[in-house]
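Asker: Sharing a structure, written as structure tokens. Questions coming.
The values are calculated or read from the model by the stated rules, or taken from the named source; none is laboratory data. Not measured: the values here are computed from a predicted model. Note that each Cβ is placed from the backbone with ideal geometry, even for glycine, and that neighbours are counted across all protein chains shown.
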Amino acid sequence: GYDAKHGTLKSKLSRRGNQMFDELASQLNFGFKRIGSLVLAFTDEDLGCLGKLLHNGRLNGVDDLELIDGERARQMEPHLSVGVKGALFCPSAGVVSPYEFTLSLIENAISNGVDVKVGFRVSRIEVLHELKTKQRVYRLENDTGDFVDALAIINCAGVYADTIAEMVSGAGNAGFSITPRKGQYILLGSEQGHMASRVIFQTPTVRWGKGVLVSPTVHGQLLIGPSAAEQLSRQDKGTDELELAYIAWAARRSVPHIDTRLSITSFAGLRARSNLNDFIIQQAPYAKHFINVVGIESPGLTSSPAIARMVVDILKCETELTLEANSNFSPHHRHPVLGWKKQGTIVCQCEKITDTEIERAIDQAGIPITCTDSIKWRTRAGMGRCQGARCRPYVAEIIAKRLGNETTFQDVPKQVSSLTPQRVPRKMLSRL
């Protein structure tokens, strides 16, 4: 909440979203830790920027911010560079496991009656009119001719949000455009997890935003990144050695003794950057009951619970729809592994995941398990140093047996994109 310009949706929703995570994590059982953050200053100019961040943060309602000197920053984080002159300390910052958060929300929604269609690529939206009620109805079609009819559409299609909007508005009339901005990361093993106990940022710049961070993960590993490079492709999530070399260099500016020989993998994601430089959350002026939720780049994850509340308010107050409360709604989700005593035979040696845990995840999944990746995200089997090289065949065998299709099961992930990400090999990461 201290970085986003005061008065923007980013500033309002990031603060509100941050405050909602403790309750959500308690209810939905995903990994979350409130560990605090430091924004580092290396020059007198940086120190001046921290003062502006402090002022902006307080305008945004972040009252627990504190400017500290370099000595205190190194007392809090002993592995920081001796070149750090000062820092902005924010105790309320935290880290979350984004895939656990997402899966918990999806599984909870399914348990409360939501029908989730995976692999349904929208290729056309037609506006129909229901004769009896005279209501507008949207028909969403895919390439195979299947369709879904809806009274409202929430367009949260990420880097494809302008494409979806133009299916309703017409070409060039969406009111915004989206440019994919790739962010690459390096994930290091738990041997490097002690290098930071808080999220460590550098002073923001126009080019790099919040810059390259150094952060512990909720599972004890170390994450460094991201880069920030705009691109034309909406599918390319590969990593490249040049960008990763910059990330390693920039991260060592904050924490000099990061050892990339202990890297596990690299990965990348695409941020949906809009030409309006703020979140766009509103009913489209060109279509009733069509809600755009677009341009959700950083701090989108932090803001996401508050964004959801805002969308509900729009549906309630700005549309002609009548929303009925689900009297049987439960806000809780039971994690398939968390809190259960280890039983059975260890299948994933890196993460110490047993066959019993994998079976539980299969049985509890609201979305059908179709590949070993489905289990990886639910149990962390395959997320360790070998990245599933040893355990993947055994996990596939357990899935096939549990689902009763030993002869037909194929471990082929459903590709959201037609482009398979090309990642820098771990041997090359160790040389960065």
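Asker: Could you count how many residues in segment 62-84 are surrounded by 16 or more Cβ atoms within 10 Å (Cβ to Cβ) and in a loop (DSSP other than H, G, I, E, B)?
Answerer: Total satisfying the criteria: 7.
Asker: I would also like to ask the following. Report, by residue number, each residue of segment 6-24 that is over 20 Å from the mean Cα position of the chain (by Cα) and without any contact (Cβ under 8 Å) to a residue 60 or more places away in the chain.
Answerer: Passing the criteria: H6, G7.
Asker: Restrict the check to segment 25-39 and report whether at least one residue is out of contact with any Lys or Arg (no Cβ under 9 Å at 6 or more places or on another chain), in contact (Cβ under 8 Å) with a residue 12 or more places away in the chain and among the charged types (D, E, K, R).
Answerer: Among the residues of segment 25-39, at least one is out of contact with any Lys or Arg (no Cβ under 9 Å at 6 or more places or on another chain), in contact (Cβ under 8 Å) with a residue 12 or more places away in the chain and among the charged types (D, E, K, R), which makes the answer yes.
Asker: Let me ask you something else. Please go through segment 274-299 and pick out each residue that is under 29 Å from E241 (Cβ atoms) and surrounded by fewer than 20 Cβ atoms within 10 Å (Cβ to Cβ).
Answerer: Within segment 274-299, S298 is the sole residue that qualifies.
Asker: Something else now. Tell me yes or no: at least one residue of segment 93-115 is outside any helix (DSSP H, G or I), in contact with an Asp or Glu (Cβ under 8 Å, 6 or more places away or on another chain) and surrounded by 17 or more Cβ atoms within 10 Å (Cβ to Cβ).
Answerer: Within segment 93-115, none of the residues are outside any helix (DSSP H, G or I), in contact with an Asp or Glu (Cβ under 8 Å, 6 or more places away or on another chain) and surrounded by 17 or more Cβ atoms within 10 Å (Cβ to Cβ).
Asker: Can you confirm whether S327 is surrounded by 18 or more Cβ atoms within 10 Å (Cβ to Cβ) and among the polar types (S, T, N, Q)?
Answerer: Against the criterion (surrounded by 18 or more Cβ atoms within 10 Å (Cβ to Cβ) and among the polar types (S, T, N, Q)), S327 does not qualify.
A quick yes/no check of all residues on (1) hydroxyl-bearing (S, T, Y); (2) touching a Leu at 6+ places or on another chain (Cβ under 8 Å); (3) under 26 Å from S274 (Cβ atoms); (4) in the same structural domain as L47 (by TED's automatic domain parsing):
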| residue | (1), (2), (3), (4) |
| --- | --- |
| M195 | no, yes, no, no |
| I200 | no, yes, no, no |
| K210 | no, no, yes, no |
| L213 | no, yes, yes, no |
| E243 | no, no, yes, no |
